[in-house]
1. What number results when the radius of gyration of the stretch 100-189, computed over Cα atoms, is divided by 2.2 N^0.38 Å?
2. Add +1 for every Lys or Arg and -1 for every Asp or Glu among the other residues with Cβ under 13 Å from the Cβ of Gly142, and state the total.
3. Around Ala192, with a cut-off of 15 angstrom between Cβ atoms, what is the net charge of the other residues, counting Lys and Arg +1 and Asp and Glu -1?
4. What is the sum of charges around Met183, taking Lys and Arg as +1, Asp and Glu as -1, for the other residues whose C-beta is under 13 Å from the C-beta of Met183?
5. Could you line up Leu84, Leu69 from fewest to most neighbouring Cβ atoms inside 10 Å?
6. Could you list, in their original order, any pairs among Lys163/Lys190; Lys135/Lys201; Lys135/Lys190 whose Cα atoms are separated by more than 21 Å?
7. What is the log10 of I(q)/I(0) for the stretch 53-147, computed with the Debye formula using one identical point scatterer on each Cα and no solvent, at q = 0.14 Å⁻¹?
8. Compute the distance in nm between two label points, each set 7 Å from the Cα along the Cα-to-Cβ direction, one at Ala123 and one at Ala50.
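Derivation of every value follows stated rules applied to the coordinates shown; laboratory data play no part. This one's a predicted model, so the numbers in the text were calculated from it and none came from an experiment. So basically every Cβ, Gly included, is an ideal-geometry build from the backbone, and we count neighbours across all protein chains shown.
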Amino acid sequence: MKRGSFVGRPEPQGRQLLLIMASVVVAGSALVLALPASAVGPAPVPSIQAAGNPTLVLDTVRGVIEIELLRGDAPKSVDFIVALVEKNFYRGLRFHRAERGLVQVGDSASRDVTRKDWWGRSAPTSTIGVAEISKKLIHVRGIVGLAHTGNPQLAGSQFYIMKEASPSLNGKYTIIGRVRVGMPVVDTLKFADVLKQATIKEAAPK
């Protein structure tokens, strides 16, 4: 049985020149195309943050990251994360996953350096209970989503930030935000880097 919360590994970008038809997979009666990253262009990011969307500010040892939380697309998921932030849940946690395609944080066990082998495997103390998966949001660089053990309804405190596109993750994870400021910081994050503090900047009234 799978343990802990995780997100599948992003597709390597070195396959971009492969023919799309070579990636055809038959799932029941449906025909699914596993497209390379280059075949699905990045979704346009609005230049202005949407009214009503709060900002999640991550103060890491590498610098500050600001994430626009997409309350209109995943209201319950966003409110769940905001509530954890307001309780200082994320203060002092470590990034327990730092790979070519993404970084991930949110496991309370990461405060204990003697348990490194278990980081990312802790079951969430509470879960959201719904899967707010939007068809219009896809996994491109800068997207933030909720990790889970196989059922998106059971996502909890762990979230990931995409460093590169990964179409194979689309439709499987709730996307809660996108990085507005600090992608160079995301690119430099290493395993065990500390998230010093997480705070919320509420959106200005509409």
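1. Numbers: Rg = 13.3 Å, N = 90, 2.2 N^0.38 = 12.2 Å.
In units of the 2.2 N^0.38 Å rule of thumb, it is 1.10.
2. Net of charged neighbours comes to 0.
3. Working: positive: Arg62, Arg94, Arg97, Arg111, Arg115, Lys116, Lys190, Lys196; negative: Glu99, Asp107, Asp112, Asp117, Asp193.
Summing Lys and Arg as +1 and Asp and Glu as -1 gives +3.
4. Numbers: positive: Arg62, Arg141, Lys163, Arg178, Arg180; negative: Glu66, Glu68, Glu164, Asp187.
Summing Lys/Arg as +1 and Asp/Glu as -1 gives +1.
5. On the way: Leu84 18, Leu69 28.
Lowest count first: Leu84, Leu69.
6. Details: Lys163/Lys190 13 Å; Lys135/Lys201 27 Å; Lys135/Lys190 31 Å.
From Lys163/Lys190; Lys135/Lys201; Lys135/Lys190, over 21 Å: Lys135/Lys201; Lys135/Lys190.
7. -0.57
8. Computed distance between label sites Ala123 and Ala50 equals 3.4 nm.
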